[in-house]
Structures are given as C-alpha cells and as structure tokens.
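The values are calculated or read from the model by the stated rules, or taken from the named source; none is laboratory data. These numbers were taken from a predicted model, which means no experiment stands behind them. Quick reminder, even Gly has a Cβ in these numbers, built from the backbone with ideal geometry, and neighbours come from all protein chains shown. Note: areas computed on protein heavy atoms with side chains; ligands, DNA, RNA excluded. Shrake-Rupley method; radii C 1.70, N 1.55, O 1.52, S 1.80 Å.
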Amino acid sequence: MGGAADYKNGHFIGNWGELGCPTPQRIASYALSSNRQRPFAGAANAAVFNTFRRFRHQVLYVVPPFILAYVTMNWAVERNEFLNSKPGRMLEGGGEE
C-alpha cells in the first residue's frame, strides 16, 4: 500500500498518481433502461399532500404578523380620517382657528 516510514518527513504514502490507495476491484454498477424509469411517479399526489403539510406547519408563523399589520394599518387609516375631519380637528386642535 504505502511506503516505508520516513522518520524525517513523516509517512511516505507513494509517488504522485499512486498515493497508496489500492486499485478498486469488484465495483458493481447497475443501470436501468430509460424507458423503464418513472421520474414523476407519484409526483402529483406527493405535491398535494406535501404542500398541505408545509402550509399547515407554517401558517401560525405567517398569519399572525399579517393580522397584526392589517389591524394596525386599519387603525391608522381610521385615526387619520378622524383627525382630518371637522370633529377631529376640533378635538385635537383645541380652539385654534
């Protein structure tokens, strides 16, 4: 496999191109004909259920901030409309004319 121990530089593992690795033997390779493969087998079924599962697990992280933003924006719009109306100016402005 490798070479003898070289105490000055460490362990000698071989020259370039033969770095002490054994030659590979008995490598099994398998192949499947291209007309026998089914790359999209069950893809539609998996897509529906996977999408539902992902939606179900993420909905509680996404929906509450949107609800909070909607409620805040709705309050701000109503408050702005009130402050720019005649009663709002009378209430907030005091007696200024």
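What the table below lists for this structure:
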item: Flag if E92 is in a helix (DSSP H, G or I), at pLDDT 65 or above, in contact with a helix residue (DSSP H, G or I) (Cβ under 7 Å, 6 or more places away or on another chain) and not aromatic (F, W, Y); result: yes
item: Region 57-94: number of residues that are open to solvent by 100 Å² or more (accessible area, probe 1.4 Å) and more than 35 Å from the chain's Cα centre (by Cα); result: 7
